[in-house]
Structure formats: structure tokens, C-alpha cells
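Values in this text are rule-based calculations from the coordinates and carry no lab data. These figures come from a predicted structure and were not determined experimentally. Cβ atoms come from the backbone with ideal geometry, glycine included; neighbour counts cover every protein chain shown.
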Ligand SMILES: Nc1ncnc2c1ncn2[C@@H]1O[C@H](COP(=O)(O)OP(=O)(O)OP(=O)(O)O)[C@@H](O)[C@H]1O
Ligand SMILES: [Mg+2]
């Protein structure tokens, strides 16, 4: 087991810079997920930890040593690839045994380790099969088994579930999480699925265009996104953004560009009259009440447990999610007010979160 | 008749024409293949048939052509007996086999190692070197036979077995074939092996090679046939009759003055063909697959 320190790591391919100084501290035993849109450099970073890519600048430390120039096999990390990368000409058993044989571990030990891992992953009946004789989910498990038997200091996963169907994905999510709780091995897991990130991670690293936007627990990111990017990336359906300004008269009101008045709980320091973006998650609208704003309904999607409403507030597209069963038709309007405790304000220019006075005190 | 049964009948009609078209198409394909097959097989079969006739029968039967030109009416094994007891043709066959096995082993080793390097390793001017290498495939043996001979002479290898195959150890076609096959292996598989602790050589032998087996079979077959059929180079470099290969020995049968050897000649031609046919049938499954996949990404 080991902690991982990533310090101001940069990566360029020729003149193309892909990572622009990434720093992440991962304590021993933590399950960290890297999320971000396609091409933001998640795989690159993961492969650098594995040693499959060179480090252009900065340091990567695993345990107590800097591993920048340590060969992949000497880093004591195991990786599960998106394509699983099983050895097609070896049985499941031999796939798992390969690394152990190379490490010259006694045959009896190898056997015990493989049987244990197979037990854990329900692969015992499949040990003599070849990868081509397995389903996608079983192959996925073998790939994990191959990592587990080595008992490495670090697990690395690169989108391991993206080739599975939705149902299996949910199941494997739980299994990987359970496995981590059992083995407590430091894990770095890459995905671009924010639900996967929210449900599995101890901490999430949100990446974007080669930089880290925010690091925090799932609920941290959900409740206190530090900027517009994170606010828009975490949560589904995505947060609503309304452009406008904070009322100049000091009242706790936000006025959208087309003149709608929305309530604020607090005003950020020297916020009065300032241009800003008002953020409110779809699930944080409340039906009716005083000072409500009118939403013109365009599409309604009931899922049974909740109702999603796609609507317009003036010129802005707005999504609302309600637990109640609301009886409206497209074209009609509903009155809603934002839940004051869950309003976010962002700087109009930088996109950075504007900290309300009270929040700043609490932090 | 109701409307629905009418349409049903119409549909059946359509079905029947479609089926007839498919049947005709299939029939035509089979016929075409049969004709092509017969054209290729005929000379070989004729030679095999003739090998069962005495030399006199062969000569008298050639003109005018008749039924007996093709079918041995008085079948005899005398040609084979003569070939193997008097001429010691098994000696030549063995020499051919030695040369072919040498050629195959050398070509498999160099082609797979070089092919892997061109597919996976990064080194300066890799693609330029590869291009130049491919160009050498267009240089015929005839064009370089004299310098080749001098080099062999210089090494003191004239009239030795290695001289039969060493000059062709580096084989552009084989390297190309293996490079394509290695490129088709997903990179992630080798990365997984690297993380598992395998050295490059270990990856080559334990991961890469086993996954190109069909292409290896193709390579073995092609090299074997090529070597088995070689004539000009062995003729030049092998001056020891005891180490001479079958093809040259067969040609020599044709040039014994005043003593027609047509019977033993056909027997020898047949004897030299049979191993190839067997090998082709055994490896056919891989052979086709290897050639087909080598082009695809
Ligand atoms: N070998 C390479 N040469 C040049 N550019 C590369 C190379 N590998 C990756 N890149 C670039 O680096 C950037 C980050 O790639 P990376 O694979 O890390 O993205 P990612 O976040 O994993 O995306 P995805 O979610 O699609 O897997 C991309 O813009 C990609 O084009
Ligand atoms: Mg990726």
C-alpha cells in the first residue's frame, strides 16, 4: 500500500502540451476518480503513473520514492485497461498467473492466490476457459483478477466499465467498490461518466484541458463547485445557468438579463451591482410560493419517481426536476422559486465561484 | 381465390426465382472453380500417371496423342525402383529437405524478429529503412548471383548446405508479412505484459509470437515452397553431387546423352511434388487466414 503524490506534472507530445501542471495528493488506501471530458488528459496522467508514458516535467511519487524513471514493472502498480487487454492465447488461470510466474513466486503460492482472487470475483468455474469464451462482464472480471493476484501497491483503472451494458455497469460499479473496501488498495480510476465518479469515489479530481479544476469529495463538488465548469460537469441533468447581475440596491436579489428577479440568501462581499452567473440545479426548484418566476413548459418527462420539466424562463432554457407529480401540458406555465440554500453564484468573467460572506465565514 | 392467397402465391413465385438465381450463381461458381482447378491439376496428374509407365511407352505414346498417352495401360513401378535404387534420388530429396528446413528456420527467426522491430520499436529512420528493405524484394536472384557467389566463396561456403539458404536469410516479404501481423496486435496487450513484469524479449516470445501463429504458418509454407522449388542458385553454388538438391538432379536427368530418362524423370517430378501437396493441405487453414488478415488493420 502506498500514497501517491503528483507534483506539478506536465506532459507534452512534441510541441503539443497535454497536461499543464497537475498536482494531486492521494493518501494511502484512497479511491480517487479522475473525470473530465474526452481528451482532457485523464488517460495520459494514468499512464504516466503506470510508467507507460514518460513525465515531461514534475514528479510522480509512489510510496516513498519518486518513480519518474522507474520502469513500469518495478513500480508495483497493476492496471485494468478499457479493452481489458487479456492474453487471448492463455486461459483465465494463465492470464492471472503470468505476472506471478515472472516474479518467480512458488507454484503453490500462485495457485492459492489465483483461487482466492477467482473466489472473490466468481471466476472459479471459468479458470480453464479462454478469453474468447467469456462474456464481456466475465472478461472484465478476469482483467481485475489479473490485477488483484499481484497484490500491488496501487490499482489503476482506465474506463474499465465503458464496454459493458448499462445494467452490468451498475453491478460492476458496486463490485469494484466492495472490492476496494475489502482490499483497501490505493486506487486511481478514470472515467468520463460523472455518475460513476459520484457513486464510487472517495474523492473526485475534475480535469479539463490538461488542468485540474477541482479536487474534492463527491458531495463537495456537488454542493460547492469552485467554478462554472465543475458546476456544469457534475450533476445530471446539469445545473441551470442564468446570466445577469446582483441588485445594486443591496437587496438580496439577482436580476437576470431579461429582467426576472431571483432571490439570494446572501450577497458576496462587494457584490452589489456586480455582473454574475446564477446557478441552480434542476432538483432545487420549488413549486409555487411568493416571488415565484414563471417557467413556460416545453417538454415533460415523467420517470415515475420524479418529473423532469424542460422549460423556458424568458430566453433561457431551464430544466427542473420535481418529486411531485405535476399536471401541466407543454405551452402552459408553472411558477417556481429556487431553493435559497442551494443557489450558486459565479463571476461573469472568470467563472469562479463567488463566496457569500456567510459561506466564507463557515469555511 | 381470395386476395390474400393470391399475394401468397405471388410471394412464393418471387421466392422461387430468387432461389433459382442463387442456385445458378452457385452452380456457375463451382463450375468455374472446377475448370480452373482442372487446368492447374492436369499437368501434375499427367506427370504422375506417366511416372507409372515405362520410358518406351511414354515416348511412343506422345505421338499421336491417344487414350494411352494419359493413362498407364501397363502400370509399372520400375521408374521408382530405378530412381531410388540406381540414382539414389532419396539423397537429393533429403538435401532439398535440409535446404528447405534451413531456409524456413532462418527466415522465421529473422522475419519475426525484424518484423517485430519494425512494428513496435521506435528507432531513427525506421520507416525509411523498412522502405529500402521492401525495395530489395524487387531484385531478382539472377541479377546478384555473381557477387553472391563470390561472397559465399570468400566465406568458404561453396558446396556446403548453409550456402543453399544463408544468402536468403533476410527476406523482405517475410519481414513485411510479420510486421503487418504484429501491428494488428493491440498495443494495450503488450503494455499489460510490461506492467506484469515482462521484458521486451519475454513479451516477444510469450505474448506477441503466439498471437501471430496463422501468419507464421503462412510464412513457413511460403518459404518452404520457395526453397523447395529453387533451382538456379543451388545449381551454381552446389558442386558436390552428393549434396545436390532434387530439382537440379531432375534437370540433370534430361541431359544424359543418348539415354532417354523420361520415366524416371516423371517419377522424380512426382516424388518431389507429393511432400508439397501434403504440407499445403496441412497448413491450408492457416495459410489462407494469414494472407487474408495481413492486409487488414
Ligand atoms: N501519443 C500521442 N501523441 C500526441 N498526442 C496525444 C498522444 N496521446 C494522447 N494525445 C493527446 O493528448 C490529449 C489527452 O489524451 P488522453 O487520452 O489522456 O485523453 P482522455 O482524457 O483519456 O480522453 P478520453 O476520455 O477520450 O479517453 C488528447 O488531446 C490527445 O489527442
Ligand atoms: Mg482515455
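Between segment B:105-163 and segment B:27-42, how many Å separate their Cα centres? Their Cα centres are 38 Å away from one another. In this simple spin-label approximation, residue A:56 and residue A:74 carry label points 7 Å from Cα along the Cα→Cβ vector, and these lie 2.6 nm apart. The C-alpha atoms of chain A define a longest principal axis, and helix A:107-120 lies at about 30 degrees to it.
With a Förster radius of 56 Å applied to the beta-carbon distance between residue A:183 and residue B:146, the computed FRET efficiency rounds to 0.20. Each peptide in A:170-182, B:116-128 receives the mean, over its residues, of other Cβ atoms within 10 Å, and ordering these scores from highest gives A:170-182, B:116-128.
Within a 10 angstrom radius of each residue's Cβ in B:183-192, how many Cβ atoms of other chains show up on average? Whole number is fine. Write down the numbers at each step before the final one.
Values: counts 0, 0, 1, 5, 4, 9, 7, 1, 8, 16.
Per residue, the average neighbour count from other chains is 5.
Taking each DSSP H run with n ≥ 4 as -39500 (n - 2.57) and averaging over every residue of chain A yields -7500 deg cm²/dmol at 222 nm.
Across segment B:105-186, the relative contact order, built from alpha-carbon pairs under 8 Å that are at least six residues apart, equals 64 percent. Per residue of A:69-76, other chain Cβ atoms within 10 Å of the residue Cβ number 3 on average. For chain B, adding -39500 (n - 2.57) for each run of n ≥ 4 DSSP H residues and dividing by the number of residues yields -23000 deg cm²/dmol at 222 nm.
Residues of segment A:27-60 with an amide N closer than 13 Å to a point placed 7 Å from the Cα of residue A:7 along the Cα-to-Cβ direction: A:58-60.
Normalising by the residue count of chain A, find the relative contact order in percent from Cα pairs under 8 Å and 6+ residues apart. Show your work: numbers first, answer last.
Details: 736 pairs, mean separation 55.8, N = 363.
15 percent.
Please determine, in degrees from 0 to 90 and to the nearest 10, the orientation of helix A:166-183 with respect to the longest principal axis defined by the Cα atoms of chain A, where the helix direction is its Cα long axis. That helix lies at roughly 70 degrees to the long axis.
Rounded to the nearest 10 degrees, the inclination of helix A:92-102 to the longest alpha-carbon principal axis of chain A is 70 degrees.
Say R0 is 51 Å: what FRET efficiency, to the nearest 0.05, do residue B:36 and residue A:128 get from their beta-carbon distance?
Working: r = 45 Å, r/R0 = 0.88.
Taking R0 as 51 Å, the efficiency between residue B:36 and residue A:128 is 0.70.
Inter-label distance, residue B:229 to residue B:73: 3.5 nm, where each label sits 7 Å from its Cα along the C-beta direction. Multiplying the residue separation of residue B:121 and residue B:62 by 0.36 nm and removing their Cα-Cα distance gives an extension gain of 15.2 nm.
In this structure, residue B:284 and residue B:46 have a Cβ-Cβ separation that, at R0 = 35 Å, corresponds to a calculated FRET efficiency of about 0.90.
Here the spin labels are modelled as points 7 Å beyond Cα on the Cα-Cβ line, and at residue B:169 and residue B:26 they lie 5.3 nm apart. Segment B:45-78 and segment A:159-218 have Cα centres lying 79 Å from one another. A protection proxy built from the mean count of other Cβ atoms within 10 Å ranks the segments B:176-184, B:49-57, B:66-74, most packed first, as B:176-184, B:49-57, B:66-74.
Counting Cβ atoms of other protein chains within 10 Å of each Cβ in A:143-150 and taking the mean gives 1.
Roughly what % of DSSP beta bridges within chain A run antiparallel, to the nearest 5? Looking only at bridges with both residues in chain A, the antiparallel portion is about 80 percent.
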